[in-house]
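In what follows, a structure is listed as structure tokens, so that the remarks can point back to it.
A short reminder: the numbers here are calculations on the coordinates, not readings from a lab. As the structure is a prediction and not an experimental result, all values here were calculated from the model. Every residue, glycine as well, gets a Cβ built from its backbone with ideal geometry; the counts of neighbours run over all protein chains shown.
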Amino acid sequence: MMNKTIVKPILFYLFASVLAFFILIPFFWMISTSLKGYGALMSIPIQWIPETISFKSFAQIFAIFPFARAIFNSAFVSILSTTITILSASMAAYVFAKIKFRAREKLFLVVLATMMIPGQVTVIPIFLVLKKLGLINTFTGLIAPTIFNAFAIFMLRQYIKDIPDDFINAAVMDGASYFRIFRSVIMPLSVPIIMTLGVITFMGAWNDYFWPLIILSDKTKMTLSLALSQLNGQYVSKYNILMAGSLLSMIPIIVIYIFAQKYFTSGLQLGGIKG
Amino acid sequence: MQSELQRDKLKTIMFFLFPSILGLLLFSIIPIIASFLLSLSKWDGLTRWNFKAGVPNIVGFGNFKEILTDAEFWKVLGHTLYFIVLYIPLILFSSLLVANLLNNDFKGIVAYRVFYFLPVLTSWVAGALVWKWVLSPLYGPLNEMLRFIGIKGPGWLQDAAWAMPGIVLASIWKDMGFFGLIFLGALQGINIEYIEAAKIDGATWWQRLMKITLPIISPAIFFVVVICIINSFQLFPQIMIMTEGGSAGPHGATQVMVERIYKYAFKYFKMGYAAAYSWLLFVIIFGFTTLQMKLQKKWVHYDE
């Protein structure tokens with residue numbers, strides 16, 4: 001018996017550490033590379049730890065590309081997309097969950113059915129229409145499609161449905177309008193799901209690549225992911241600069257993760273359902 | 001009074017649904033119909049419509065026929081299937097390992113959770129950039145470690161035979177924390193009494209795994225496999241970042257469907273052709289998912 005209580009932790013730490021080692025190597029390599037000079041990149045054997053540490057790459061990336069602008073763009077676009085998605089989806093979810101009308105269930109089914117169609121099918125017509133409207137290479141064009149999010153509507157509706165009608169009826173007794181009920185009953189009670197969806201929507205927008213790649217071509221409008229891919233094309237072998245940029249692009253998400261861990265966990269477990 | 005309330009209700013419904021319905025029409029339903037019509041034509045997306053001059057040129061199912069008779073399509077499909085064959089067993093193994101490790105309460109478990117989770121937080125662009133560098137044949141740490149144990153590592157992304165396995169490695173790294181989290185949820189739902197009872201009955205570790213744990217979490221496994229296959233058909237950022245610079249890998253070894261759709265639409269301006277391609281993607285994903293739904297009855301156990 002004694003034997004067993006020792007063996008189990010040893011096995012755990014052994015396996016857990018080996019796995020962590022392999023997962024962390026790329027991050028270690030990212031940090032190590034970002035602190036190297038260009039010459040130190042191509043040394044054999046490789047320098048696991050830079051012989052001379054230099055922060056030049058971090059300065060360079062702001063010199064060769066409007067990188068500060070890209071950080072701002074990513075923050076702006078992600079915050080706005082998240083706000084629009086959550087607001088629009090919770091408004092619709094409130095109706096689908098709590099206000100009865102004819103054809104409601106049919107309409108909701110249509111909303112759900114759109115989730116089956118992969119984004120690649122709709123991307124071409126959306127692009128062509130936005131181009132006709134002169135919205136290519138604008139934040140409006142980038143953000144506009146976030147106004148409809150079937151997954152967010154579905155999740156919020158499931159949650160709002162479980163809010164007891166007694167709360168709503170009590171508000172109705174007090175003479176509250178639909179708007180008051182939405183603002184003072186539904187929204188406050190839905191904070192956990194809103195936070196959860198907010199965190200994953202924000203992360204999705206921050207890390208998105210496909211849509212910005214199609215919509216944006218102007219350097220000063222690019223988001224971080226797109227900026228990095230652009231730099232990848234231009235500075236193919238300058239990994240010290242590319243890694244410095246990658247590292248910088250990760251910081252905000254990691255900071256949010258630290259402060260909102262539980263919403264990330266619940267969000268990603270939900271996110272699995274979306275696929 | 002009653003009708004005023006009704007009117008008020010109708011206005012409210014219209015107001016609250018307006019943003020989503022507008023978006024549903026503009027960014028989903030109309031584009032779906034337009035995409036289908038587009039797939040029946042040849043159009044560069046630029047030339048002004050003039051049906052007399054044959055712009056866009058209506059070709060019926062010509063695009064579909066052209067794609068399906070082009071050897072490239074089957075090659076591209078083969079690349080995806082190759083990815084799936086490598087990726088699915090590895091992702092199941094590694095994410096179940098992650099889940100089993102995290103389903104403990106040893107000291108320091110929080111740190112491990114953060115470590116396993118870091119790749120999930122990383123954007124695909126940053127992740128793919130670092131992997132491109134990790135897989136560098138001469139200057140990357142992976143081949144350096146292989147050299148250390150006496151193996152000469154392959155050229156990875158520069159080698160047609162090894163480019164896709166390289167993409168698979170990066171994808172496993174990126175995704176295992178995420179699917180690990182889903183399996184962790186399933187493992188935490190197992191009633192510990194089942195395991196204890198089996199132990200008392202003298203069941204070995206292997207028997208407990210095969211007869212209790214795996215059947216109980218089989219719905220989660222099914223779910224993960226379905227999601228993984230859908231995602232596999234939609235590979236994109238890792239392909240574009242890691243093996244771009246030409247035509248997606250040496251001899252196009254990592255060309256996949258979404259990468260093709262992107263190129264046909266936005267590089268070669270063959271909008272109709274690309275739209276048809278995207279509908280084939282839908283049909284394939286839909287077919288695979290339906291097939292799995294049918295097959296699940298044979299191996300997935302649901303609680304009554």
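When B:HIS79, B:HIS251 are sorted by how many other C-beta atoms sit within 10 angstrom of their C-beta, beginning with the fewest, the order is B:HIS251, B:HIS79. When you restrict to C-alpha pairs under 8 Å that are six or more residues apart and normalise by the size of chain A, the relative contact order lands at 30 percent. Between rounded, prolate and oblate, where does chain A land on the alpha carbon gyration tensor, with a ≥ b ≥ c its root eigenvalues, rounded for a/c under 1.5, else prolate if a/b exceeds b/c? Because a/c hits 1.5 or more and a/b fails to exceed b/c, chain A counts as oblate. Run the paramagnetic zone check for B:ARG147: 7 angstrom along Cα to Cβ, then residues of the range A:2-42 with backbone nitrogen under 14 Å. Residues A:41-42 fall inside that zone. Dividing the summed helix terms, -39500 (n - 2.57) for each DSSP H run of n ≥ 4, by the number of residues in chain B produces a 222 nm estimate of -22500 deg cm²/dmol to the nearest 500.
As a proxy for reagent exposure, ranking B:GLU259, B:GLU196 by other Cβ atoms within 10 Å from fewest up yields B:GLU196, B:GLU259.
Angle of helix A:67-98 to the longest C-alpha principal axis of chain A, folded into 0 to 90 degrees and rounded to 10: 30°. Going from the residue with the fewest nearby Cβ atoms within 10 Å to the one with the most, A:LEU112, B:LEU10, B:LEU235 rank B:LEU10, A:LEU112, B:LEU235.
Taking amide hydrogens as placed 1.01 Å from N in the peptide plane, the amide H of B:SER41 sits under 5 Å from those of B:VAL59, each at least 5 positions away in sequence or on another chain. Comparing A:TRP206, A:TRP29, A:TRP48 in a Gaussian network model of chain A, where Cα atoms under 10 Å apart are tied by springs, the biggest mean-square fluctuation is seen for A:TRP48. Per-residue mean of foreign Cβ neighbours for A:111-119 is 5 (Cβ atoms of other chains, 10 Å radius). Between the Cα long axis of helix A:119-132 and the first principal axis of chain A there is an angle of about 80°, rounded to the nearest 10. Packing around the peptides B:13-25, A:189-201, taken as the average count of other Cβ atoms within 10 Å per residue, puts them in this order, highest first: A:189-201, B:13-25.
Structure remark: mean-square fluctuation, Gaussian network model of chain A, C-alpha springs under 10 Å; the largest value among A:LYS100, A:LYS221, A:LYS131 belongs to A:LYS100. Comparing mean-square fluctuations of A:LYS262, A:LYS219, A:LYS106 from a GNM of chain A with C-alpha springs under 10 Å, the top value falls on A:LYS106. Partner lysines whose Cα lies under 29 Å from the Cα of A:LYS238, excluding those fewer than 8 positions away in the same chain, are identified as A:LYS36, A:LYS56, A:LYS219, A:LYS221, B:LYS132, B:LYS152, B:LYS174, B:LYS263, B:LYS267. Overall shape: oblate for the range B:62-299, with the ratio a/c of the largest to smallest alpha carbon gyration tensor axis at 1.5 or above and b/c at least equal to a/b. Computed 3J(HN,Hα) for the range B:284-291, one whole-Hz value per residue from the Karplus formula 6.51 cos²θ - 1.76 cosθ + 1.60 where θ = phi - 60°, is 5, 4, 4, x, 4, 5, 4, 4, glycine and proline marked x. Of all lysines in the structure, the ones whose alpha carbon falls short of 26 Å from that of B:LYS298, not counting any fewer than 8 places away in one chain, are A:LYS274, B:LYS211.
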